[in-house]
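Each remark here refers to the structure printed beneath this line.
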Amino acid sequence: MMEKILDTFITFGFDSEGRPAHDSVLDRTGAGSSDNIREMTINERAFGIRVADTEEGRNHASMLINKMYAWRGYVGTHRIDDNPNRITLSASDKGAVIGTVTLGIDSPIGILADEVFKDHIDGFRERGARVCEISKLAFDPTVRSKMALGSLFHILYIYAHHLYQCTDAFIEINPRHRRYYEHMLGFKTLTEVRSNPRVDAPAYLMWLNLDYMGKEIERLGGTSENPGTERSLYPYFFSKREEMGIANRLFNIG
């Protein structure tokens, strides 16, 4: 099942000193009718995360992807299509799309990474894993917000884990970005470098167990005000309590 679950615009904000207003997100997410999740404005500085499930939304996400891919030297024109097995999220600031990422859920036709790495992914399927993939990630480099990026990944995790019961996530990564995903999210490299024909560039297949991700969220989520020596992205995720509030709202809307 991969029907569109919601048409929402969730706005996460910061206080006057740039600290995240996480508790306000939880209070509005868990209160009242399902309409409360449609728009939450917190203080003056805010960014929004929405599902790009309209033609306009997909076009804005596609424009950012092509801009960032061209900047990195990748070839081709890349478009977000209306696909029942994929969910695209977009982060926006003052109406401008600043980040986007797509979650692909496994189906009889597979996932995009099967084109290059099916031999490795099939091993997980044979062991009973419910696989998904992260693709088409693009983020405006002029926007240096770990909170926006962490929130985008956390909403993606909520969809994958809570709504679709996925157990293992894959991502195809250019060698120059591999260390970032290892250190910031805990991905593991599974393969040697192979050529990815969709962008005409080398790529590793990386893997993340979603149980591990859940434990890191429980340990570190919502601690960005006092992360200590932690260098990963997880302090910029929501707390586990906030996560459950958001997940419950998505279930109720669905």
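Values as computed for the structure displayed
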quantity: Sparse-neighbour loop sites [trypsin sites (Lys or Arg not before Pro); the stretch 124-156; at most 10 other C-beta within 10 Å; DSSP]; calculated: R127, R144
quantity: In Hz, Karplus ³J(HN,Hα) per residue of the stretch 183-200 (6.51, -1.76, 1.60; θ = phi - 60°; x = Gly, Pro); calculated: 7, 8, 10, x, 5, 10, 7, 9, 9, 6, 5, 10, 7, 9, x, 5, 10, 6
quantity: Separation in nanometres of the label points that stand 7 Å from Cα toward Cβ, at T142 and D81; calculated: 3.2
quantity: Residue exposure sequence - D140, D106, D81 - by fewest surrounding Cβ within 10 Å; calculated: D81, D140, D106
quantity: Sum of side-chain charges, F124 neighbourhood, beta-carbon under 10 Å (Lys, Arg +1; Asp, Glu -1); calculated: -1
quantity: Residues I158, I109, sorted so that the one with the fewest Cβ neighbours within 10 Å comes first; calculated: I109, I158
quantity: Of K146/K188; K188/K215; K118/K215; K94/K240; K94/K215, those spanning more than 23 Å from alpha-carbon to alpha-carbon; calculated: K118/K215; K94/K240; K94/K215
quantity: Between the stretch 97-127 and the stretch 154-204, the alpha-carbon center distance in angstrom; calculated: 10
quantity: Under Karplus coefficients 6.51, -1.76 and 1.60, residue-wise ³J(HN,Hα) of the stretch 222-235 in Hz, glycine/proline x; calculated: x, 9, 5, 5, 8, x, x, 8, 5, 10, 7, 7, 5, x
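Rule-based calculations on the coordinates, nothing more; no lab input. Remember, predicted model here, so these are calculated numbers, not experimental data. When we count neighbours, we look across all protein chains shown, and the Cβ atoms used for this are built from the backbone with ideal geometry, even at glycine.
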